[in-house]
Amino acid sequence: MLSCPSSAGFHSCHATKPNMLNVHLVPHTHDDVGWLKTVDQYYYGDRNDIQHAGVQYILDSVVDQLLKNPDRRFIYVETAFFYRWWKQQSSSMQQTVKQLVNEGRLEFVNGGWCMSDEATTHYSAVIDQMTMGLRFLNETFGPCGRPRVAWHIDPFGHAREHASMFAQMGYDGFFFGRLDYQDRARRMVKREQELLWRASNSLTPPMADLFTGILPNGYNPPEGFCWDQSCDDPPIRDDPDLEDYNVDDVVKRFLTIANSQAMVYKTNHIIMTMGSDFQYENANLWYKNLDKLIRYVNGQQANGSKVNVLYSTPSCYLQELHRANLTWALKTDDFFPYADDAHDFWTGYFTSRPALKRYERISNSNLQTCNQLEILGGPVSRKGPFGDGESQTMKKAMAVAQHHDAVSGTEKQHVANDYARRLANGWQHCQVFQVLRGITLLNILCKLHLYAFSKPYMHDIVHLYFLLKTEYLCVHVLQFIRVTFDPDTGLLSSLSNLETKQTIKLTQNFYWLIIHLYCIHLPLQTPVVQEVRQWFAPWVSQVVRLYGDSRALELEWTVGPLPIDDDLGKEVITRLDTSIKTSEYFYTDSNGREMLQRKKDFRPTWNLSQSEPIAGNYYPINSRAFIKDDVDQLTVVTDRSQGGGSLQNGSLEIMLHRRLLYDDVRGVGEPLNESSGVFPEGLVVRGCLRLSLDRPPSAADAHRPLAQQVVLQPLLTFTDGDLHPNTQLEFSGLQAALPPAVHLLTLTQWDKDSVLLRLEHQFQSQESKVNSHPVTVNLIVFFAMAKISRFSWCCGIAITALKCIILKCLGFPLNTVYFIFKHTAHWQGEGFLNCTFCP
């Protein structure tokens, strides 16, 4: 079998012709990890009454056809499907596939467990799902299986943080298919559909620089050139004796399309995606016609044609663009919001299925807790009732949930139910809490804090719910925060930070369409917590809550079931109106990492013609958003991914829940009208917004750690009270708290003898006067949970490594192991650091 050369990914590229227009044909399939059908239904080809699609047959057929002609190429993306197919193959077939990979005839691109959504995902979960897919490819195929290109052809808008992560993972380029129709039109005229994306304002260029290409037809073939069994285009009929011989017509049309496409790209190389959703189930149809297309179009070169067609891959295409040695347009913002027409903005899905979005978020938190407790508990904690590696089921469920038709909420209802079922199954399998009961490491790391906090006041709280209904309080104040309510409307009227002596006017209300909902409120008060309970409508209520030791105001909202008697449906928002002078600017996070500045009716890279003043000003909010002026900053931390915007000065609104009675005509084929056995009249959804008021220079020191705490909140578990005599009532895996700038991103079992630890610098450059500086961490000082017998500093090629495909690995004596983290932690000191060690 061939070994993979050092130029893996490029060694097998077909030769191009420098004096011609080279057309790179890229055979591919786009296989959603759930959308109209569940993951299992797509893999097996079940429920073809919904959609004809069977991924196992695609892979069977493609491999068969690649073997028939060494010139042919194919790319594959979704490791979740490939992993399942691979496990079912014979050893001889596995060797055959390895040969195809080594020869560059089958190329993996992207390589994550799925093609993740970019608007509604948190970076920690994206890193985990990329880890799962890339680790499998690395361990199965070695360097030849390593994807060199990120391939996000279907997500509905593109986040800057995703590009930053791809750059830090070592990808050479990034290709996608969807961008705003106005942006595309402008880029076509200026021939800027290929660009350099500078995806971080913290990392020193080129650490987060990524070449980015916009594909010409979304991810579909040119019109008239689709030869799948799902297509209606005529095949190439090349028998000259046939009455309907069409080779001349096919060649003429193809040359016209190729030359037209070349006019809107910058080099003499263009790319064509020859495939689409779940295509190549009968790969012979595609390849037989593509073979003919290449032969007959290139045959015209003898007659003076300057078009050269070849089988190719994204990495081969990218290699030719690199050889062109051109200067590319620079982009520093993101590709949100996405619209494919003047009145079709894809921004509602930022909030769609809010219950699933919340379930995904707390499942991520639960998974990290499970991972860490497996380490702290030792081998016994990984030998639960379901066998070794109890967290694996949850890891796979979370990886699938990152798909761009999963947590995004853009799937059919029965598929959404399946995603939730998978997460629930993951919770069941993560039995480390049960295994640890009664041994030294108890499963109540958080329970003790809850018990000590609640027990002295439990009696008071029970009685307050009955005794304080007649009491009306307009001012609520605890140690750090004061809020006031308008005595006439019962609405919030001001928010004060008592430490910084700040006060802003603040009114908060709920809206749907243009209807204003009014509120009444009932106050509750204890030495620990103060609450005001508000009712705005039979289906909208809220608890405004202040804790004595918190610097954030909690707004716990409950919305639903949304009434649908208007035969339209509703989208419910909450809006915060303040005295802050924002000048139409506001700020949202990108996948929970860096913050981006937004402005109403504005795009940084083109002159926007705004056709939808509300939908066209909504952006993803993954964990937080804020508005500010020179004096005050109001930050809102969310407990799930949501959509929001600032439609007027001093205002910030967030969509909470939506229920619609009409399909959006984008392929799902059903309205977003969720209900359940528990809520047959429509889902009731509860969530929490946390508000903090600070001075702009220091606000990040409060809201960034708060956002991390909400994302990775403590998991509360309970025992029956019968504790083992050897139970250790208090335990910490750290001997001391990590510096505020350093965040423990990952601590999980890697294999039998090693552990994966990721630390990151969580502050942006210049975000904080105190915390946006390099930090030195002595790991031996902080980590007390294991006797470290070997420490490796692995500076590898990205999160592909994870087994550490090592560029440089330095061993240190145990008493001198230091890692230096700069602004956002990169492999060589700024970014994500992977360190493996033996317990």
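The values are calculated or read from the model by the stated rules, or taken from the named source; none is laboratory data. Just so it is clear, the model here is predicted, and its values are computed rather than measured. So basically every Cβ, Gly included, is an ideal-geometry build from the backbone, and we count neighbours across all protein chains shown.
Please work out if G409 is among the small types (G, A, S), surrounded by 15 or more Cβ atoms within 10 Å (Cβ to Cβ), at pLDDT below 80 and in a loop (DSSP other than H, G, I, E, B).
On the way: among the small types (G, A, S): yes; surrounded by 15 or more Cβ atoms within 10 Å (Cβ to Cβ): yes; at pLDDT below 80: no; in a loop (DSSP other than H, G, I, E, B): yes.
Against the criterion (among the small types (G, A, S), surrounded by 15 or more Cβ atoms within 10 Å (Cβ to Cβ), at pLDDT below 80 and in a loop (DSSP other than H, G, I, E, B)), G409 does not qualify.
Being in contact with a helix residue (DSSP H, G or I) (Cβ under 9 Å, 6 or more places away or on another chain), in the same structural domain as L562 (by TED's automatic domain parsing) and farther than 24 Å from L367 by Cβ is true for just one of N649, N617, N622, N673. Which residue is that?
On the way: N649 fails: in contact with a helix residue (DSSP H, G or I) (Cβ under 9 Å, 6 or more places away or on another chain); N617 fails: in contact with a helix residue (DSSP H, G or I) (Cβ under 9 Å, 6 or more places away or on another chain); N622 fails: farther than 24 Å from L367 by Cβ.
Among N649, N617, N622, N673, only N673 is in contact with a helix residue (DSSP H, G or I) (Cβ under 9 Å, 6 or more places away or on another chain), in the same structural domain as L562 (by TED's automatic domain parsing) and farther than 24 Å from L367 by Cβ.
If R593 satisfies all but one of (1) more than 23 Å from the chain's Cα centre (by Cα); (2) basic (K, R); (3) closer than 18 Å to A699 by Cβ, what's the number of the condition it fails?
Failing condition for R593: (1).
Looking at R47 and the list (1) over 14 Å from Q279 (Cα atoms); (2) touching a strand residue (DSSP E or B) at 6+ places or on another chain (Cβ under 8 Å), which single condition is not satisfied?
Only one criterion in (1) over 14 Å from Q279 (Cα atoms); (2) touching a strand residue (DSSP E or B) at 6+ places or on another chain (Cβ under 8 Å) is unmet by R47, namely (2).
For every residue, the table says whether it meets (1) touching a helix residue (DSSP H, G or I) at 6+ places or on another chain (Cβ under 8 Å); (2) not polar (S, T, N, Q).
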| residue | (1), (2) |
| --- | --- |
| K17 | no, yes |
| N22 | yes, no |
| L25 | yes, yes |
| K37 | yes, yes |
| G45 | yes, yes |
| D64 | yes, yes |
| L67 | yes, yes |
| F82 | yes, yes |
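Looking at this structure, is L179 within 20 Å of the chain's Cα centre (by Cα), modelled with pLDDT of 95 or more and in a strand (DSSP E or B)?
Against the criterion (within 20 Å of the chain's Cα centre (by Cα), modelled with pLDDT of 95 or more and in a strand (DSSP E or B)), L179 does not qualify.
Test each condition in (1) farther than 18 Å from E653 by Cβ; (2) within 31 Å of the chain's Cα centre (by Cα); (3) surrounded by fewer than 18 Cβ atoms within 10 Å (Cβ to Cβ) for T526 and report the one that comes out false.
(2)
Determine, yes or no, whether D341 is surrounded by 16 or more Cβ atoms within 10 Å (Cβ to Cβ) and acidic (D, E).
Judged against the criteria, D341 is not a match.
Six or more apart or on different chains, Cβ atoms under 6 Å: show the pairs whose first residue is in region 250-274 and outside the structural domain of V26 (by TED's automatic domain parsing) and more than 22 Å from K292 (Cα to Cα) and whose second is of a type in the set (D, E, K, R) and not in a loop (DSSP other than H, G, I, E, B).
none
Which strands (runs of 3 or more DSSP E) does region 580-680 wholly contain that include 2 or more residues that are over 23 Å from N417 (Cβ atoms) and either free of Cβ contacts under 8 Å to residues at least 12 places away in the same chain or aliphatic (A, V, I, L, M) (or both)? Let's see the steps before the verdict.
Details: elements: 585-589, 595-599, 619-621, 624-628, 633-637, 642-645, 651-660.
Those strands (runs of 3 or more DSSP E) span 595-599, 624-628, 633-637, 651-660.
Anything in region 201-229 that is closer than 26 Å to G54 by Cα and either within 30 Å of the chain's Cα centre (by Cα) or not in a loop (DSSP other than H, G, I, E, B) (or both)? List them, or say none.
Answer for region 201-229, where residues must be closer than 26 Å to G54 by Cα and either within 30 Å of the chain's Cα centre (by Cα) or not in a loop (DSSP other than H, G, I, E, B) (or both): L215, N217, G218, Y219, N220, P221, P222.
When you scan region 269-282, do you find a residue that is under 30 Å from H657 (Cα atoms), buried (at least 20 other Cβ atoms within 10 Å of the Cβ) and under 28 Å from the mean Cα position of the chain (by Cα), even just one?
no
Which residues, counting only those in region 150-171, are over 22 Å from D405 (Cβ atoms) and touching a Gly at 6+ places or on another chain (Cβ under 8 Å)?
Q168
Taking region 320-349 as the search range and keeping residues that are part of a loop (DSSP other than H, G, I, E, B) and among the hydrophobic types (A, V, I, L, M, F, W, C), which one is nearest to D180 (Cα to Cα)?
Among those residues, the one meeting the criterion is F336.
Could you count how many residues in region 478-508 are of a type in the set (S, T, N, Q), touching a residue at least 40 places away in the same chain (Cβ under 8 Å) and not in a loop (DSSP other than H, G, I, E, B)?
Going residue by residue through region 478-508, those that are of a type in the set (S, T, N, Q) are 479, 484, 489, 493-494, 496-497, 500, 502-503, 507-508.
Okay, now just the ones that are also touching a residue at least 40 places away in the same chain (Cβ under 8 Å), so 479, 496-497, 500, 502, 507-508.
Next cut, not in a loop (DSSP other than H, G, I, E, B) only: 496-497, 502, 507-508.
Final tally of qualifying residues: 5.
If you scan region 298-319, which residues turn out to be part of a helix (DSSP H, G or I) and surrounded by fewer than 19 Cβ atoms within 10 Å (Cβ to Cβ)?
Within region 298-319, N298, G299, Q300, Q301, A302, N303 qualify.
In region 700-757, which residues are in contact (Cβ under 8 Å) with a residue 40 or more places away in the chain, in contact with an Asp or Glu (Cβ under 9 Å, 6 or more places away or on another chain) and part of a loop (DSSP other than H, G, I, E, B)?
Passing the criteria: only Q713.
To keep it simple, each residue is scored yes or no on (1) over 15 Å from L576 (Cβ atoms); (2) buried (at least 18 other Cβ atoms within 10 Å of the Cβ); (3) not assigned by TED's automatic domain parsing to the domain that holds P561.
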{"site": "M655", "(1), (2), (3)": "no, yes, no"}
{"site": "D663", "(1), (2), (3)": "yes, no, no"}
{"site": "V678", "(1), (2), (3)": "yes, no, no"}
{"site": "V685", "(1), (2), (3)": "yes, yes, no"}
{"site": "S692", "(1), (2), (3)": "no, yes, no"}
{"site": "A699", "(1), (2), (3)": "yes, yes, no"}
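Take V189 and decide whether it is surrounded by fewer than 21 Cβ atoms within 10 Å (Cβ to Cβ), of a type outside the set (F, W, Y) and over 19 Å from F74 (Cα atoms).
yes
Given the structure, is P18 touching a residue at least 60 places away in the same chain (Cβ under 8 Å), crowded, with 21+ Cβ neighbours inside 10 Å, out of contact with any His (no Cβ under 6 Å at 6 or more places or on another chain) and not β-branched (V, I, T)?
It is false that P18 is touching a residue at least 60 places away in the same chain (Cβ under 8 Å), crowded, with 21+ Cβ neighbours inside 10 Å, out of contact with any His (no Cβ under 6 Å at 6 or more places or on another chain) and not β-branched (V, I, T).
Could you say which residue among H14, H24 is of a type outside the set (G, A, S) and in a loop (DSSP other than H, G, I, E, B)?
H14
So which residues in region 27-73 are assigned to a helix (DSSP H, G or I), within 26 Å of P671 (Cα to Cα) and among the acidic types (D, E)?
D40
Exactly one condition in (1) among the acidic types (D, E); (2) under 28 Å from K412 (Cα atoms); (3) surrounded by 20 or more Cβ atoms within 10 Å (Cβ to Cβ) is not met by E107; state its number.
Of the numbered conditions (1) among the acidic types (D, E); (2) under 28 Å from K412 (Cα atoms); (3) surrounded by 20 or more Cβ atoms within 10 Å (Cβ to Cβ), the odd one out for E107 is (2).
Against the condition of a type in the set (S, T, N, Q), in the same structural domain as Q182 (by TED's automatic domain parsing) and either closer than 23 Å to D601 by Cβ or touching an Asp or Glu at 6+ places or on another chain (Cβ under 6 Å) (or both), how does T313 come out, does it pass?
The answer is yes for T313.
Sort through T558, T574, T578 and tell me the only one that's touching a Ser or Thr at 6+ places or on another chain (Cβ under 9 Å), hydroxyl-bearing (S, T, Y) and surrounded by 22 or more Cβ atoms within 10 Å (Cβ to Cβ).
Answer to the check: T578.
Working carefully through the options D567, D577, find the one that is modelled with pLDDT under 90 and either under 18 Å from R659 (Cα atoms) or assigned by TED's automatic domain parsing to the domain that holds V636 (or both).
D567
Yes/no matrix, rows are residues, columns are (1) farther than 30 Å from G409 by Cβ; (2) at pLDDT 95 or above; (3) surrounded by 23 or more Cβ atoms within 10 Å (Cβ to Cβ); (4) not assigned by TED's automatic domain parsing to the domain that holds N289:
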| position | (1), (2), (3), (4) |
| --- | --- |
| T29 | no, yes, yes, no |
| D40 | no, yes, no, no |
| G45 | no, yes, no, no |
| V55 | no, yes, yes, no |
| D60 | yes, yes, no, no |
| Q65 | yes, yes, no, no |
| P70 | yes, yes, no, no |
